[in-house]
Amino acid sequence: MREPLLSAALKARRHAYAPYSNHRVGAAALAASGKIYSSGNVENCCYALTICAERGALYHAIAAGEHHFKAIAVTNG
């Protein structure tokens, strides 16, 4: 399951929004159900409102009803 998880994180990184730091991050979380949830980081001019990629991926999963996870992949570039 490593390759699909890494692939999802890399894809999410391409959709990251990082106009201030230009530091794109992607993350993918593997839920116990086997489903993968991913997200890229989303920056805001107010740094406190920035969402990291890992948090975004977990938010997506939890919003879908997932509460148990097996792994997470994080990529930057």
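Given R₀ = 30 Å, FRET efficiency for Ile51-Ala71 by Cβ-Cβ distance, to 0.05?
That gives a FRET efficiency of 0.90.
From Cα pairs below 8 angstrom and at least 6 apart in sequence, can you work out the relative contact order of region 20-77, rounded to a whole percent?
44
Can you tell me the 0 to 90 degree angle between the C-alpha axis of helix 2-14 and the longest principal axis of the chain, rounded to 10?
The helix 2-14 is inclined about 20 degrees to the chain.
Report the net charge of residues surrounding Gly77, where surrounding means a beta-carbon distance below 14 angstrom and charges are Lys +1, Arg +1, Asp -1, Glu -1.
Neighbourhood net charge equals +4.
Given the chain, what whole percent of its Cα pairs are spread farther than 18 Å?
When every Cα pair of the chain is considered, 34 percent fall beyond 18 Å.
Give me the percent of accessible area attributable to carbon and sulfur for the chain, probe 1.4 angstrom.
Numbers: 2750 of 4890 Å².
Carbon plus sulfur share of accessible area: 56 percent.
If I fit a long axis through the Cα atoms of helix 53-63 and take the longest principal axis of the Cα atoms of the chain, what angle between them do I get, 0 to 90°, rounded to 10?
The two axes meet at around 50 degrees.
Ignoring ligands, DNA and RNA, what accessible area per residue does the chain give at 1.4 Å, in Å²?
On the way: 4890 Å² over 77 residues.
Accessible area per residue: 64 Å².
Magnitude of the Cβ-charge dipole of the chain, K/R +1 and D/E -1, about the Cα centre, nearest 20 debye? Write out the running numbers ahead of the final one.
Numbers: 8 positive and 4 negative charges, 35 e Å.
I would put it at about 160 debye.
The values are calculated or read from the model by the stated rules, or taken from the named source; none is laboratory data. Since we're looking at a predicted model, the values are computed, not measured. Heads up, the Cβs are rebuilt from the backbone with ideal geometry, glycines too, and the neighbour counts pull from every protein chain shown. The area values use the complete protein model at the heavy-atom level, side chains included, leaving out ligands, DNA and RNA. Shrake-Rupley method; radii C 1.70, N 1.55, O 1.52, S 1.80 Å.
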